[in-house]
Amino acid sequence: MPKVALLSRVKAKEGRGEELIAAFLPVFELVEEEPGTLLYVLHRSREDPDLFWVCELYADDDAFAAHRTSDAIAAATPALAEFIAEAEFITGEPVSAKCMPA
């Protein structure tokens, strides 16, 4: 079964980038406990402090579903939404990578 990759482009409300980062902290605590979450990275634009990308990699569809439907994600979503102006998501599967988690 192929791994599941999710790439999100997230624009924070103007001037709220630092608050968005803080709102992500509970999510990072959660993913540390998810065996099927292989990679979860928050990136910030150098040019725009309110623009972010989130790169996620899951072992399979079941791991992705477990993450999306977890109680912790349900609890974190309203806190994140408070600081997000817009978001775009692309779901796929990795084709090639350097040092991709097993």
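When restricted to residues that are of a type outside the set (Phe, Trp, Tyr), within 14 Å of Leu7 (Cβ to Cβ), in contact (Cβ under 8 Å) with a residue 24 or more places away in the chain and open to solvent by 40 Å² or more (accessible area, probe 1.4 Å), the stretch 39-53 contains 1. Taking the stretch 44-73 as the range and being at pLDDT below 95 and closer than 19 Å to Ala22 by Cβ as the test, the residues that pass are Ala72, Ile73.
Within the stretch 54-81, the only residue that satisfies the criterion of being in contact (Cβ under 8 Å) with a residue 60 or more places away in the chain and either part of a loop (DSSP other than H, G, I, E, B) or over 16 Å from Pro35 (Cα atoms) (or both) is Leu80. When the test is whether a residue is over 23 Å from Met1 (Cβ atoms) and touching a Lys or Arg at 6+ places or on another chain (Cβ under 6 Å), Leu80 does not pass it. Would you mind finding the one in Leu20, Leu42, Leu6 that is of a type in the set (A, V, I, L, M), assigned to a helix (DSSP H, G or I) and under 22 Å from Ala81 (Cα atoms)? After ruling out the rest, the residue left standing is Leu20.
Residues in the stretch 1-33 that are open to solvent by 60 Å² or more (accessible area, probe 1.4 Å), of a type in the set (A, V, I, L, M, F, W, C) and touching a residue at least 24 places away in the same chain (Cβ under 8 Å): Met1, Leu7.
Among the residues of the stretch 5-22, the ones that are touching a helix residue (DSSP H, G or I) at 6+ places or on another chain (Cβ under 7 Å) and either modelled with pLDDT under 95 or among the basic types (Lys, Arg) (or both) come to 0 in all.
Among residues of the stretch 82-102 that are in contact (Cβ under 8 Å) with a residue 40 or more places away in the chain and part of a loop (DSSP other than H, G, I, E, B), those with a Cβ under 7 angstrom from a residue that is open to solvent by 50 Å² or more (accessible area, probe 1.4 Å) and of a type in the set (Asp, Glu), sequence gap 6+ or separate chain, pair up as Phe83/Glu19.
The values are calculated or read from the model by the stated rules, or taken from the named source; none is laboratory data. Here the structure is a predicted model, which is why all the values come from computation and not from measurement. Quick reminder, even Gly has a Cβ in these numbers, built from the backbone with ideal geometry, and neighbours come from all protein chains shown. All accessible areas refer to the heavy atoms of the entire protein, side chains included, with ligands and DNA or RNA removed. Shrake-Rupley method; radii C 1.70, N 1.55, O 1.52, S 1.80 Å.
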